[in-house]
1. Kindly list, by first and then second residue, each pair from a residue in region 100-115 that is within 18 Å of ASP160 (Cα to Cα) to a residue that is surrounded by 19 or more Cβ atoms within 10 Å (Cβ to Cβ) and basic (Lys, Arg), limited to pairs with Cβ atoms under 8 Å and residues at least 6 apart or on different chains.
2. Which count do you get for residues in region 131-174 that are part of a loop (DSSP other than H, G, I, E, B) and without any contact (Cβ under 8 Å) to a residue 24 or more places away in the chain?
3. Across region 95-140, what is the total count of residues that are surrounded by 23 or more Cβ atoms within 10 Å (Cβ to Cβ), of a type in the set (Phe, Trp, Tyr) and under 18 Å from VAL176 (Cα atoms)?
4. Give the residues of region 141-159 that are surrounded by 22 or more Cβ atoms within 10 Å (Cβ to Cβ) and over 20 Å from SER102 (Cα atoms), sorted by residue number.
Amino acid sequence: MHSNRSVILAFIGALTLSACGGGGGGGGAATSAPPVASTPVPTLPTTTTPVATPTPVTPATPADPAPPVTPGGSWLTFSPSPVNVSVTEGQSAEFKVTARSSRIVSQEFTVGIIETKALITTDYRLEALSDLEYVATLHTSPTLTPGTYTSYLRVQLCADAPLVCNRPLEGSPWYVPLNVTVKPK
């Protein structure tokens, strides 16, 4: 049985994005997946919250349905997808997911990354690589026991709080498959 506890990484704080071009500055603020010119990207503080230890689950179990497909969300893509991470028991592995946008969003929004099986920690960093490209640096939970785990990262852009997300942006949420292999010490 796996834990139903959600590990939520919420990049909270609204961001006003400009649809105008020009300027060459950095990408959008760290609260946004699609970056915008001329807005500096601060380094977000990292935090770690204790999470429940999940039990390994194989990909074909009924308790692990495939994530829904995101209709209309092709303007934001993720790499790698799927994310495959290998780690030794008792350790945490760092991994990165890059988000690329084909358009600039002209409204305020927040970003949330949610993983419901406690495979990752809340120790994260989000940085702009360019005006339309961001990278999230995430970490696997050091409490995982040996086995293979499958889950997905639900990335949602919201006009309200990412934990509520009653007003998602068009195409949101997106699902990035996550596979974690934990090797014994």
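1. Close Cβ pairs satisfying both conditions: GLY112/ARG154; ILE113/ARG154; ILE114/ARG154.
2. Keep residues of region 131-174 that are part of a loop (DSSP other than H, G, I, E, B), which gives 131-132, 141-146, 159-167, 169-173.
So of that shortlist, the ones also without any contact (Cβ under 8 Å) to a residue 24 or more places away in the chain come out as 164, 166-167.
Of the residues in that region, 3 qualify.
3. 1
4. SER141, LEU144, TYR149, SER151, TYR152, LEU153
Where a number appears in this text, it was derived from the coordinates with a stated rule and is not lab data. What you see is a predicted model; the values in this text were computed from it and never measured. Cβ: placed from backbone, ideal geometry, glycine included. Neighbour counts: every protein chain shown.
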